[in-house]
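Participant: Supplied in structure tokens, the structure appears directly below.
All of the numbers you see were taken from the coordinates with simple rules; none came from a lab. Since the model is a prediction, treat every value here as computed from it, not as a measurement. In this analysis, Cβ positions are derived from the backbone assuming ideal geometry, glycine residues included, and neighbour counts consider all displayed protein chains.
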Amino acid sequence: MQSEIVRAFEDECLMLKLDDLVPSKLVSKPTKATKKFEQICCSIAEVGLVEPIVVHRIKNGKGKYLILDGHMRVEALQDAGETEVTCLVSSDDEGYTYNKRVNRLSTVQEHFMVLRAIDNGVSEKKIAKALGLNIESIRRKRDLLKGICSEAVDILKDAKFAMDTAGILRRMTPIRQIEVAELMVATNNYSSSYAKALLVATKSDQLLDPTGNRSIRGVSDDDRRKMEREVEELRRDIKSVEDHYGTNMLKLVVASGYISRLLDNGNVSKYLDRHHQELRDQLYSLQESIDADLGANA
């Protein structure tokens, strides 16, 4: 008979006193000096607590609760002079699952978040205060994708890149924006310095303003032309890898299976031991390498 599923949390949130919450870890002074803690404080001051604190009842703890998630929020509330907080009570005292694998917002997602807030009537000043940023930063996030084609945006939708990188992309034609976005993803490099280097290596007919300054100190015209050729070769190499990746992986799986069956065959294994020990060692080494590659791409 199927056992009853145990509830992970109590049905209702509780308003608890901060003095009744017992931390499972300490928030150090260096942590309180970080930008993240500052933003938490700004958010709480401007819009209040968005996410409740996750706690667990301490047995025989005389009304005390162990904090599983939300230590920095609790610290920020205490610094702000608050005495109570909304808490979600967990039936388990395991805190590993809370915010340990958080997917941070990508730059494009931040842009749409700011736009949505503005469309809902939230002022730029209020957004800036809630995020602990200045208004100019909010406006740059708001205008992030102006002048960038939708295809390039789709390629970079999950990436975290600097505002300056977006500004560099705007100086290129849509086709070149797509190429540069693909190169960034392929190399996992979204820095503005890398984008600047790709700008320098961009042909004049792929720029919106061919007469604009795109030089880098210490890079001559000959160096720039060489960079153009190398970047074009890199783009072709990446495209070739993408085109043949599926076929090569299939061949690798088939080869791995064949070598594995070959080495598992008793007669073959004995024959190799007697007459071709060097070949046997190479096959075992090859099999280990293939298994490692397949595991890394699983």
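Participant: For LYS64, what is the net charge nearby, where nearby means another residue's Cβ is under 11 Å from its Cβ and Lys, Arg count +1, Asp, Glu -1?
Facilitator: Once positives and negatives cancel, what remains is +2.
Participant: Taking θ = phi - 60°, what integer Hz values does the Karplus form 6.51 cos²θ - 1.76 cosθ + 1.60 yield along the stretch 264-269, in sequence order, with x for Gly and Pro?
Facilitator: Using θ = phi - 60°, the values come out as 7, 6, x, 5, 5, 4 Hz.
Participant: Can you work out the Karplus-derived ³J(HN,Hα) for every residue in the stretch 120-136? Use 6.51 cos²θ - 1.76 cosθ + 1.60 with θ = phi - 60°, whole Hz, and x for glycine or proline.
Facilitator: Along the stretch 120-136, the couplings run 8, x, 7, 6, 4, 5, 5, 4, 4, 5, 5, 9, x, 10, 8, 4, 4 Hz.
Participant: Among all stretches of the chain without exposed GluC sites (Glu not before Pro) (DSSP loop, at most 16 other Cβ atoms within 10 Å), which one is longest?
Facilitator: 95-298
Participant: With just the Cα atoms of the chain, tell me how far they stretch along each of the three principal axes, in Å, largest first.
Facilitator: 75, 70, 39
Participant: If Lys and Arg each add +1 and Asp and Glu each add -1, what is the summed charge of the other residues whose beta carbon sits under 12 Å from the beta carbon of ILE44?
Facilitator: In short, -4.
Participant: Hey, with R₀ at 41 Å, roughly what FRET efficiency would LYS62 and THR31 work out to, going by the Cβ-Cβ distance, to 0.05?
Facilitator: On the way: r = 29 Å, r/R0 = 0.71.
Between LYS62 and THR31 the formula returns 0.90.
Participant: Do the sum for the chain: with -39,500 (n - 2.57) for every DSSP H run of n ≥ 4, divided by all residues, what is the mean residue ellipticity at 222 nm, to the nearest 500 deg cm²/dmol?
Facilitator: Values: 13 runs with 165 residues, N = 298.
After summing the helix terms and dividing by residue count, I get -17500 deg cm²/dmol.
Participant: Continuing with the same structure: In the structure displayed, which of LYS160/LYS203; LYS146/LYS203; LYS196/LYS226; LYS157/LYS239; LYS17/LYS64 lie more than 18 Å apart, Cα to Cα?
Facilitator: On the way: LYS160/LYS203 26 Å; LYS146/LYS203 22 Å; LYS196/LYS226 15 Å; LYS157/LYS239 20 Å; LYS17/LYS64 9 Å.
The pairs that break the limit, which is 18 Å between Cα atoms, are LYS160/LYS203; LYS146/LYS203; LYS157/LYS239.
Participant: In whole Å, what is the distance between the alpha-carbon centres of the stretch 152-193 and the stretch 21-85?
Facilitator: That distance is 37 Å.
Participant: Run through every distinct alpha carbon pair of the stretch 14-90 and return the Kirkwood hydrodynamic radius in angstroms, one decimal place.
Facilitator: Evaluated over the stretch 14-90, this radius sits at 12.7 Å.
Participant: Which percent of the Cα-Cα distances in the stretch 245-296 go past 16 Å?
Facilitator: When all Cα pairs of the stretch 245-296 are counted, 42 percent exceed 16 Å.
Participant: Which trypsin sites (Lys or Arg not before Pro) from the stretch 8-116 combine a DSSP loop assignment with at most 12 other Cβ atoms within 10 Å?
Facilitator: Answer by residue number: LYS25, LYS59, LYS62, LYS100, ARG101, ARG104.
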